[in-house]
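The next block holds one structure in the form of structure tokens; read it before the comments.
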Amino acid sequence: MRSSRSFATMRTQQPGSMPEYQIDPYVILEDDLKDVYDYIRSALRRNTFQDNLYEIATYYFDGHGKAIRPMIAILTARAINYHMYKRESDLLPSQREVAMIAEMIHTASLVHDDVIDQSDFRRGKPSVNVKWNHKKVTMAGDFILAVASMMIARLRNNEVTSVLSQVVTDLVQGEFMQLGSKETENERFAHYLTKTYRKTASLIANSVKSAAILAEADEKVTEIAFQYGRNLGLAFQLVDDLLDFVSSAEAMGKPTAADLKLGLATAPVLFACEKFPELNPMIMRRFQEPGDVEKAFELVHKSRGLDQTQFLARQHCQEAVRLANLLADSPYQKGLIVAADFVLNRMK
């Protein structure tokens with residue numbers, strides 16, 4: 001499994017903002033990551049004899065994803081194991097399970113999102129809701145979550161059970177916030193960041209926190225892991241929101257301006273409001289009048305909204321790098337720094 005772009009050199013726009021390392025996390029974790037999707041498919045297969053349910057549940061586990069969440073979870077686990085025990089300590093089986101569980105929870109949320117958003121494409125192929133009826137797809141998403149919950153229970157660690165269960169709670173609350181946001185202008189950005197934490201960053205933050213707990217790390221190291229994941233997750237979503245305005249549909253594997261079409265005001269739009277207040281009524285009516293989507297798209301590009309979104313993403317990545325530097329030097333710790341650069345510069 002290879003990343004879609006080379007990690008070989010750091011390409012951060014601000015010279016000197018992040019150091020350069022010749023490390024590719026996907027290469028140093030090749031053995032850890034090569035069976036991710038096989039492992040998940042076999043876990044799902046063990047829990048159902050119904051071929052149609054299995055087919056829908058495994059549709060996005062086809063091995064073509066970049067497995068970013070398992071990569072971050074395993075990279076952090078190995079960096080912390082090295083930090084704690086100062087040797088090439090093996091990945092614990094429970095830490096590997098957490099990486100799989102994180103990918104399963106994430107994918108279950110994508111399956112449910114596709115039903116809610118009525119999207120046509122995901123990862124460059126027809127989305128699940130196009131291929132199967134909504135009832136079946138919704139239940140397949142529930143099934144993935146149920147199997148992930150069984151895997152959490154089998155870890156037999158109360159703290160990790162609590163931490164990973166919080167992720168599911170956050171995902172649902174984040175989705176509800178997204179469905180019902182009609183807050184005032186002053187509250188909008190805080191609402192957006194809270195929603196972004198719950199929908200995207202909580203999963204990354206809490207899965208790497210779980211990896212630290214399983215390594216029996218102290219409170220300080222566990223908090224470093226959590227804050228690293230939180231900052232990386234927020235940056236990841238900010239870049240995702242930015243790419244929705246600048247990528248071609250081919251590069252994204254889904255239509256561009258998809259968020260506007262769904263009535264969502266993401267960071268680029270919220271920043272653009274400062275220069276173009278006429279966006280406010282469009283946000284309130286969720287871009288539903290004819291021409292709203294096109295006009296908002298144009299105003300975002302005329303504003304500094306995309307630059308400001310990238311700047312905020314960079315700040316979160318730089319904070320992630322600062323936190324990674326608190327861990328002992330190792331190839332995995334360097335990999336955490338490279339991963340922050342990957343998030344900042346990724347094109348899907």
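Filter the stretch 289-309 down to the residues that are of a type in the set (Val, Ile, Thr) and in contact with a Pro (Cβ under 7 Å, 6 or more places away or on another chain), then identify the one that is surrounded by the fewest Cβ atoms within 10 Å (Cβ to Cβ).
Once the filter is applied, the top-ranked residue is Thr309.
Provide a single number: the residues in the stretch 208-221 that are in a helix (DSSP H, G or I) and over 16 Å from Val321 (Cα atoms).
Final tally of qualifying residues: 8.
Evaluate the stretch 289-304: report whether one residue or more is touching a residue at least 40 places away in the same chain (Cβ under 8 Å) and part of a loop (DSSP other than H, G, I, E, B).
no
Which one is surrounded by the fewest Cβ atoms within 10 Å (Cβ to Cβ) among residues in the stretch 200-214 that are among the hydroxyl-bearing types (Ser, Thr, Tyr) and within 11 Å of Arg69 (Cβ to Cβ)?
This residue is Thr200.
Does any residue of the stretch 227-240 turn out to be closer than 22 Å to Met284 by Cβ and modelled with pLDDT under 95?
no
Yes or no: Asp114 at pLDDT below 90, surrounded by 20 or more Cβ atoms within 10 Å (Cβ to Cβ) and among the acidic types (Asp, Glu)?
yes
Checking the condition within 18 Å of Ala99 (Cα to Cα) and either of a type outside the set (Val, Ile, Thr) or outside any helix (DSSP H, G or I) (or both), which residue from Leu203, Leu193 passes?
Matching residue, one of Leu203, Leu193: Leu203.
Please verify whether Leu312 is surrounded by fewer than 20 Cβ atoms within 10 Å (Cβ to Cβ) and in contact (Cβ under 8 Å) with a residue 40 or more places away in the chain, treating the condition exactly as stated.
yes
What single numbered condition from (1) surrounded by fewer than 22 Cβ atoms within 10 Å (Cβ to Cβ); (2) in a helix (DSSP H, G or I); (3) hydrophobic (A, V, I, L, M, F, W, C) fails to hold for Met71?
Failing condition for Met71: (1).
Which residues, counting only those in the stretch 173-184, are surrounded by fewer than 13 Cβ atoms within 10 Å (Cβ to Cβ) and either modelled with pLDDT of 90 or more or not hydroxyl-bearing (Ser, Thr, Tyr) (or both)?
Phe176, Leu179, Gly180, Lys182
Exactly one condition in (1) assigned to a loop (DSSP other than H, G, I, E, B); (2) more than 28 Å from Arg346 (Cα to Cα); (3) modelled with pLDDT under 90 is false for Phe276; which is it?
(3)
Name the single residue, out of those in the stretch 17-33 being surrounded by fewer than 14 Cβ atoms within 10 Å (Cβ to Cβ) and part of a loop (DSSP other than H, G, I, E, B), that is modelled with the highest pLDDT.
Gln22
Among (1) exposed (fewer than 14 other Cβ atoms within 10 Å of the Cβ); (2) in a helix (DSSP H, G or I); (3) at pLDDT 90 or above, which single condition is Arg156 missing?
Only one criterion in (1) exposed (fewer than 14 other Cβ atoms within 10 Å of the Cβ); (2) in a helix (DSSP H, G or I); (3) at pLDDT 90 or above is unmet by Arg156, namely (2).
Spot the failing condition for Val111; the list is (1) assigned to a helix (DSSP H, G or I); (2) in contact (Cβ under 8 Å) with a residue 60 or more places away in the chain, and only one is missed.
With (1) assigned to a helix (DSSP H, G or I); (2) in contact (Cβ under 8 Å) with a residue 60 or more places away in the chain applied to Val111, the lone miss is (2).
Could you say whether any residue in the stretch 194-205 is at negative phi, more than 17 Å from the chain's Cα centre (by Cα) and in contact (Cβ under 8 Å) with a residue 60 or more places away in the chain?
Looking for residues that are at negative phi, more than 17 Å from the chain's Cα centre (by Cα) and in contact (Cβ under 8 Å) with a residue 60 or more places away in the chain, one finds none in the stretch 194-205, hence no.
With within 20 Å of the chain's Cα centre (by Cα) and within 21 Å of Gln237 (Cα to Cα) as the only criterion, which of Ile144, Ile105, Ile152 stands out?
Ile105
Give the stretch 307-348 a look and list any residue that's among the charged types (D, E, K, R), farther than 11 Å from Phe236 by Cα and assigned to a helix (DSSP H, G or I), or say none.
The answer is Asp307, Glu319, Arg322, Lys334.
Please tell me if Arg122 is modelled with pLDDT of 90 or more and either buried (at least 17 other Cβ atoms within 10 Å of the Cβ) or in contact with a Ser or Thr (Cβ under 7 Å, 6 or more places away or on another chain) (or both).
So Arg122 fails the test.
Only one residue in Lys334, Lys275 is charged (D, E, K, R) and touching a residue at least 40 places away in the same chain (Cβ under 8 Å), so which one is that?
Testing whether each residue is charged (D, E, K, R) and touching a residue at least 40 places away in the same chain (Cβ under 8 Å) leaves just Lys334.
Looking at the stretch 79-100, I want the residues that are outside any helix (DSSP H, G or I) and have a partner that is of a type in the set (S, T, N, Q) with Cβ atoms under 8 Å, at least 6 apart or on another chain. Which pairs are those?
Ser89/Asn81; Asp90/Asn81; Leu91/Asn81; Leu92/Asn81
The values are calculated or read from the model by the stated rules, or taken from the named source; none is laboratory data. Please read all numbers here as calculations on a predicted model, not as lab measurements. When we count neighbours, we look across all protein chains shown, and the Cβ atoms used for this are built from the backbone with ideal geometry, even at glycine.
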